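Reading through the structure tokens given below for one structure.
The values are calculated or read from the model by the stated rules, or taken from the named source; none is laboratory data. On a predicted model such as this, the values are computed, not experimentally measured, just so you know. Heads up, the Cβs are rebuilt from the backbone with ideal geometry, glycines too, and the neighbour counts pull from every protein chain shown. All accessible areas refer to the heavy atoms of the entire protein, side chains included, with ligands and DNA or RNA removed. Shrake-Rupley method; radii C 1.70, N 1.55, O 1.52, S 1.80 Å.
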Amino acid sequence: MLRQQSTEGRDVRISHARAHRRSTGWSRWLVPPAALSIHLAIGQVYAWSVFKTPLATALDLSGVATALPFTLGIIMLGLSSALFGTKVDSNGPRWAMVVASSCFVAGFLISGLGLYAEQYWLVVLGYGFVGGIGLGIGYISPVSTLIKWFPDRPGLSTGLAIMGFGGGALIATPLTNSLLSAFGGLR
């Protein structure tokens with residue numbers, strides 16, 4: 001909170017977001033749709049079940065083995081959120097989103113390479129470990145940013161973003177099915 005002199009000469013407490021808006025004219029209500037978009041994208045992780053059958057067919061795996069990349073991804077989400085949370089706060093959301101995007105995309109590329117080379121360990125490493133780190137950093141960055149922009153409404157603002165994480169599967173499931181059908185992933 002910042003202190004600002006009122007017109008009557010007394011100190012008034014205002015949030016950083018309100019002070020920024022007063023100085024630039026920029027509305028803080030533009031931040032939640034951006035956070036929602038980020039969480040819609042990384043919420044794709046909950047559409048993992050779409051990959052299970054093609055993965056089992058391509059690499060001759062059991063159902064339990066096809067769940068390992070997802071399981072490791074969720075574990076890494078939690079661990080990287082805890083480990084890099086202070087780093088996200090100190091370096092800011094732009095840094096965090098560059099790192100998160102890089103890890104998430106690299107995870108998919110490594111997994112794709114693993115499928116191409118028929119090396120299951122690369123799928124686990126890529127999607128589960130590297131992609132999971134991207135998930136964790138990408139998850140925590142919009143939430144911490146929204147809490148700073150909305151100290152007066154933390155539940156509403158973070159709830160809007162978290163809604164996107166679950167909603168990502170609603171978008172990713174049909175899109176992934178279409179892409180797998182178009183490019184021969186579903187046999």
Calculate what fraction, in whole %, of the accessible area of the range 65-187 sits on carbon and sulfur atoms when a 1.4 Å probe is rolled over the protein chains. 73
Show that you can apply the helix-only estimate: for the chain, add -39,500 (n - 2.57) for every DSSP H stretch of four or more residues, divide by all residues, and state [θ] at 222 nm to the nearest 500. -24500 deg cm²/dmol
When ligands, DNA and RNA are left out and all protein chains stay put, how many square angstrom of accessible area per residue does the chain have with a 1.4 Å probe? 55
Rounded to the nearest 10 degrees, what's the angle between the helix 154-182 long axis and the longest principal axis of the chain, both from Cα atoms, 0 to 90? 30
Multiply the residue gap between Phe108 and Leu30 by 0.36 nm, knock off their C-alpha separation, and tell me the result in nm, one decimal place. 25.1 nm
Burial-style ranking of 159-167, 125-133, average other-beta-carbon count within 10 Å with highest first, yields 125-133, 159-167
Potential lengthening between Ile75 and Asp152 on full extension [0.36 nm per residue; Cα-Cα distance subtracted]: 24.6 nm
